[in-house]
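Take a look at the structure below.
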Amino acid sequence: MEHGVWIVAHRGASAYAPENTLNAFQLAWQMGADAIEGDFRLTADGQIVCIHDASTQRLASENLPVETTNYARLREVDVGRSFKADCVGAHIPLLSEVMDTVPTGKKLLIELKSGPRIVAPLIETLNASHLATEQVILIAFNSDVLDAIKKTAPHYATGLIVKFHTSLNGKLVPDLKTTLSKAQNLGCAHLHVGAEPWLPQDLGEQTRAHGLQLHTWTVDTAELCEAMRQIGVQSITTNKPDTIRTAIR
């Protein structure tokens, strides 16, 4: 952890390797990341896989919807081909494979892209892993997913993800106080916000006043990194963990 701020590799070191692949996660650890962040979905046969989109279309030469396709078929898809020639052969990993890369003392941020049905197999997978509870943070935009985790596995830390915008009169949308209360009511320990240079300077202070830690994504420049540090974030999620480590130092 550099100067009190976690460096979180966004979908792994995804500026340098195909996103959400074991290659990207291993590279992130080599670059000294404090944590990795990945996106996870449920397949047709109940497996939890690491992929951001609802289908393989953006990353591969074929379009397979994740939630209606069995994992054995998804495993065949080469999601490295669209990145660059020397990354051919990257596959969609299971959550359990991603967890196996996490060293002692490091953290894994699991962004849940499926609905509440993913929670039961998620907790089963987590309970079977080598990771300590404090190494795992479960995050989502979906309130129903966070509520289901609170009810079934409250010992895992959760985080609400929100992307703020500004209205014509300069106010945050959604409303900050409403968002913080929502996170509290869901039992969250964290608020994860999209990084913007115009975020309120007291955002960290307000977040902490509600008993929450503030985290931000996605930060790839020294300038935006410094702006986020000024508002008091706990972590910075980046596609370039090496760049942000240098910027913080």
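The values are calculated or read from the model by the stated rules, or taken from the named source; none is laboratory data. The model shown is predicted, which means the values in this text are computed figures rather than measured ones. So basically every Cβ, Gly included, is an ideal-geometry build from the backbone, and we count neighbours across all protein chains shown. Ligands, DNA and RNA are stripped out before the accessible areas are found, and what is left, the full protein with its side chains, is counted by its heavy atoms. Shrake-Rupley method; radii C 1.70, N 1.55, O 1.52, S 1.80 Å.
Give me the accessible area per residue for segment 1-75, probe 1.4 Å, as a whole number in Å².
Values: 2760 Å² over 75 residues.
Per residue, segment 1-75 has 37 Å² of solvent-accessible surface.
What base-10 log of the normalised intensity I(q)/I(0) is obtained for segment 1-71 from the Debye formula, alpha carbons as equal point scatterers, at q = 0.16, 0.17, 0.21, 0.22 Å⁻¹?
-0.60, -0.65, -0.86, -0.90
Quick check: net charge around Leu131, other residues with Cβ under 14 Å of its Cβ, Lys/Arg +1 and Asp/Glu -1? Don't skip to the answer; put the middle values down first.
Numbers: positive: Lys106, Lys107; negative: Glu97, Asp100, Glu124, Glu134.
Taking every other residue near Leu131 into account, the sum is -2.
I'd like the distance separating the alpha-carbon centroids of segment 58-122 and segment 203-221, in whole Å.
Their Cα centres are 27 Å away from one another.
With all protein chains present, how much of the accessible area of the chain (probe radius 1.4 Å) comes from carbon and sulfur, to the nearest whole percent?
Working: 5340 of 10810 Å².
Answer for the chain: carbon and sulfur cover 49 percent of the accessible area.
Show me 220-228, 135-143 ranked by packing, highest mean number of other Cβ atoms within 10 Å first.
The densest-packed peptide leads the list: 135-143, 220-228.
For segment 121-249, what does the accessible surface come to per residue with a 1.4 Å probe? Please give it in Å².
Result: 47 Å² per residue.
Take the Cα coordinates of segment 1-124, assign each an equal point scatterer, and use the Debye formula without solvent to give log10 I(q)/I(0) at q = 0.11, 0.19, 0.23 Å⁻¹.
Here log10 of I(q) over I(0) equals -0.35, -1.00, -1.34.
Net charge near Glu37, counting Lys/Arg +1 and Asp/Glu -1 over other residues with Cβ under 10 Å of its Cβ?
0
Could you compute the net charge surrounding Gly12? Neighbours are other residues with a C-beta less than 9 Å from the C-beta of Gly12; K and R count +1, D and E count -1.
Around Gly12, the surrounding residues sum to -1.
Need one number: nm distance between label points at Arg117 and Gln201, each 7 Å from Cα along Cα→Cβ, rounded to one decimal.
Between Arg117 and Gln201, the simple spin-label model gives 4.9 nm.
Please identify the chymotrypsin sites (Phe, Trp or Tyr not before Pro) of segment 160-249 that satisfy two criteria: DSSP loop assignment and at most 15 other Cβ atoms within 10 Å. Which are they?
Numbers: sites: Phe164, Trp198, Trp217; in loops: Phe164, Trp198.
Answer by residue number: Trp198.
Let's test this: bin the Cα-Cα distances of segment 72-151 at 10 Å from zero up to the farthest pair and state each bin's percent.
Result returned by the calculation: 16, 39, 34, 11, 0.
Can you list the HN-Hα couplings for segment 124-137, worked out from phi with the Karplus curve (6.51, -1.76, 1.60; θ = phi - 60°), rounded to whole Hz and with x for Gly and Pro?
After applying 6.51 cos²θ - 1.76 cosθ + 1.60, I find 4, 5, 5, 5, 8, 8, 7, 6, 6, 3, 6, 7, 10, 10 Hz.
Do any of Lys107/Lys240; Lys84/Lys106; Lys151/Lys182 go past 19 Å between their Cα atoms, and which? Can you show the working numbers first?
Values: Lys107/Lys240 17 Å; Lys84/Lys106 29 Å; Lys151/Lys182 16 Å.
Cα-Cα > 19 Å for Lys84/Lys106; rest within.
Out of residues 5 or more away from Gln213 or on other chains, whose amide H comes under 5 Å of its own, with H placed 1.01 Å from N in the peptide plane?
Those qualifying (amide H under 5 Å, at least 5 residues apart or on another chain) are His190, Leu191.
Would you work out the charge dipole size for segment 1-134 about its Cα centre, treating the Cβ of every Lys and Arg as +1 and the Cβ of every Asp and Glu as -1, and quote it to the nearest 20 debye?
Working: 11 positive and 17 negative charges, 31 e Å.
It works out to roughly 140 debye.
Using modelled backbone amide H atoms (1.01 Å from N, in-plane), which distant-in-sequence or interchain residues come within less than 5 Å of Leu186's amide H?
Answer set, sorted by chain and number: none.
If you build a Gaussian network model of the chain, linking Cα atoms that sit under 10 Å apart, which residue out of Gly115, Gly170, Gly32 swings the most?
Evaluated over the chain, the most mobile residue of the options is Gly170.
With unit charges on the beta carbon (Lys/Arg positive, Asp/Glu negative), name the residue among Pro65, Ala35, Val5 whose Cα is farthest towards the positive pole of the charge dipole of the chain.
Going by the Cα projections, it comes out as Val5.
So between Gln26 and Thr166, what do we pick up on full extension, going 0.36 nm a residue minus the alpha carbon distance? All intermediate terms of the calculation are to be shown ahead of the outcome.
Details: separation 140, 0.36 × 140 = 50.40 nm, distance 3.71 nm.
Contour length minus Cα-Cα distance gives 46.7 nm.
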